[in-house]
Amino acid sequence: MVKIMIEDNEAGQRLDRFLKKYYNQAPLSAIYKMIRKDVKLNGKRAAQETMLSAGDEITVYITDEQHEAFHRAKEIRRSRKSFRIAYEDENILIAEKPFGLLTHGDEHEKKNHLTNQVISYLIDRGEYRPGQAKTFTPSPANRLDRNTTGLVLFGKTAGALRAANRMIREEGCVSKYYLTVVAGHMAEPLKLRDRMEKDSFRNTVRVLAESADAGKLMETNAVPLAYGSLCGEEFTLVEVELITGRTHQIRAHLAKAGYPVIGDTKYGRRRVNEIVGRRYHLTTQLLHAYRLEFLRGEDELAYLTGKTVKCMLPPDMAEIVRDLFGQETDI
């Protein structure tokens, strides 16, 4: 028999979802068999969709051997901090992700990624104790590509993470702004609405007309801020508001509109990339998530309503902006 006490970071989720995460080595069939025959919640049988509250006690009538086979504590691979902190309180941390760092790990990089760095930082501060956590791990509510820099929002508690995920997902809660430099003279603001189809094999997306039957809707707003030129090519400093959050959305959408992001080898212009490559040693897209505006906070994060968090341009991008658009450009 195993007794599991539900604390604040486990509360607010369904019984079956908690058990799936807690018994992370068990097949789904074993989880649902447990709920039918071997699990009691506060001394009584409970349905799989029952919501858990802090202070609940789950009793699982299995052997110690079964428990050890089904439950494996999550391994935390500590990683040295290379990010800066744009904002932090008891519920959230907004990190400034540097260039070249993954937001999450993948099959090639399982240790040194932003999420592990944030977790390691919180462990060092005593704000997260893996040995006491049953299922919760501090996690990001949004993500950036490896070579995109800027703001990533982390929930430090389960309630804060749920609220942050909902706010990022729902319209009218958080506005996300990026800075980029594009090829061409963008004379007027653009409001782009189209559909996109992902090519997983090539890791690219194809932009389709909004009226197309296929693909997912994507929406991007772009505002020109400054103009410059180099080697006979025109360039525009652009602020982009990401309305939806699709794969490669900004890069593919601006390229389709005729203003590709400089340095972008997937969607950009070869001649432009050669010019900026020679001048600035730029080998990838120049894209920086620089501002989050909290229009409406929810639940534990209601106090964020009206708050704006910004981060400075990374030094390499700041140098390019100064060179192309002049010292007077204020970001």
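Looking at 155, 184, 150, 172, which is the one that is small (Gly, Ala, Ser), surrounded by fewer than 16 Cβ atoms within 10 Å (Cβ to Cβ) and touching a residue at least 60 places away in the same chain (Cβ under 8 Å)?
172
Can you pull out the residues in the range 1-15 that are over 26 Å from the mean Cα position of the chain (by Cα) and either buried (at least 19 other Cβ atoms within 10 Å of the Cβ) or in a strand (DSSP E or B) (or both)?
Within the range 1-15, 2, 3, 4, 5, 6, 15 meet the criteria.
Residues being under 21 Å from the mean Cα position of the chain (by Cα) and either assigned to a helix (DSSP H, G or I) or among the acidic types (Asp, Glu) (or both): count how many of those fall in the range 264-302.
Number satisfying all stated conditions: 7.
Check every one of the strands (runs of 3 or more DSSP E) wholly within the range 182-239 and list those with 3 or more residues that are modelled with pLDDT of 85 or more and under 28 Å from residue 169 (Cα atoms).
It comes to 190-199, 216-230.
Please verify whether the range 105-115 includes one or more residues that are out of contact with any helix residue (DSSP H, G or I) (no Cβ under 6 Å at 6 or more places or on another chain) and in contact (Cβ under 8 Å) with a residue 40 or more places away in the chain.
Scanning the range 105-115, I find no residue that is out of contact with any helix residue (DSSP H, G or I) (no Cβ under 6 Å at 6 or more places or on another chain) and in contact (Cβ under 8 Å) with a residue 40 or more places away in the chain, so the answer is no.
In the list 162, 195, which residue meets the criterion of being basic (Lys, Arg), in the same structural domain as residue 320 (by TED's automatic domain parsing) and farther than 25 Å from residue 320 by Cβ?
195
Please go through the range 49-63 and pick out each residue that is surrounded by fewer than 15 Cβ atoms within 10 Å (Cβ to Cβ), touching a residue at least 12 places away in the same chain (Cβ under 8 Å) and not in a strand (DSSP E or B).
Answer for the range 49-63, where residues must be surrounded by fewer than 15 Cβ atoms within 10 Å (Cβ to Cβ), touching a residue at least 12 places away in the same chain (Cβ under 8 Å) and not in a strand (DSSP E or B): 49, 53, 54, 55, 61.
Condition first: of a type in the set (A, V, I, L, M, F, W, C) and under 27 Å from residue 313 (Cβ atoms). Now tell me which residues in the range 123-162 satisfy that.
Passing the criteria: 141, 144, 151, 152, 153, 154.
Those residues that are part of a loop (DSSP other than H, G, I, E, B), under 19 Å from residue 151 (Cα atoms) and not β-branched (Val, Ile, Thr), I need them from the range 303-329; list them, please.
Within the range 303-329, 306, 307, 311, 312, 313, 314 meet the criteria.
When you scan the range 251-263, do you find a residue that is farther than 24 Å from residue 152 by Cα, part of a helix (DSSP H, G or I) and not acidic (Asp, Glu), even just one?
Yes, some residue in the range 251-263 is farther than 24 Å from residue 152 by Cα, part of a helix (DSSP H, G or I) and not acidic (Asp, Glu).
Conditions (1) surrounded by fewer than 23 Cβ atoms within 10 Å (Cβ to Cβ); (2) charged (D, E, K, R), marked per residue:
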residue	(1), (2)
255	yes, no
262	no, no
269	yes, yes
276	no, no
279	yes, yes
286	no, no
300	yes, yes
319	yes, yes
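Would you mind finding the one in 296, 269 that is under 23 Å from residue 203 (Cβ atoms), charged (D, E, K, R), out of contact with any Lys or Arg (no Cβ under 7 Å at 6 or more places or on another chain) and in contact (Cβ under 8 Å) with a residue 24 or more places away in the chain?
Of the residues listed, the single one that is under 23 Å from residue 203 (Cβ atoms), charged (D, E, K, R), out of contact with any Lys or Arg (no Cβ under 7 Å at 6 or more places or on another chain) and in contact (Cβ under 8 Å) with a residue 24 or more places away in the chain is 269.
Scanning for something under 26 Å from the mean Cα position of the chain (by Cα) and surrounded by 23 or more Cβ atoms within 10 Å (Cβ to Cβ), does the range 222-235 turn up at least one residue?
For the range 222-235, residues under 26 Å from the mean Cα position of the chain (by Cα) and surrounded by 23 or more Cβ atoms within 10 Å (Cβ to Cβ): present.
Output the number of residues of the range 25-48 satisfying the condition of being out of contact with any helix residue (DSSP H, G or I) (no Cβ under 8 Å at 6 or more places or on another chain), in a loop (DSSP other than H, G, I, E, B) and more than 16 Å from residue 71 (Cα to Cα).
Result for the range 25-48: 3.
The values are calculated or read from the model by the stated rules, or taken from the named source; none is laboratory data. None of the values given here were measured: they were computed from a predicted structure. Don't worry about glycine lacking a Cβ; one is built from the backbone with ideal geometry, like all the others, and counts go over all protein chains shown.
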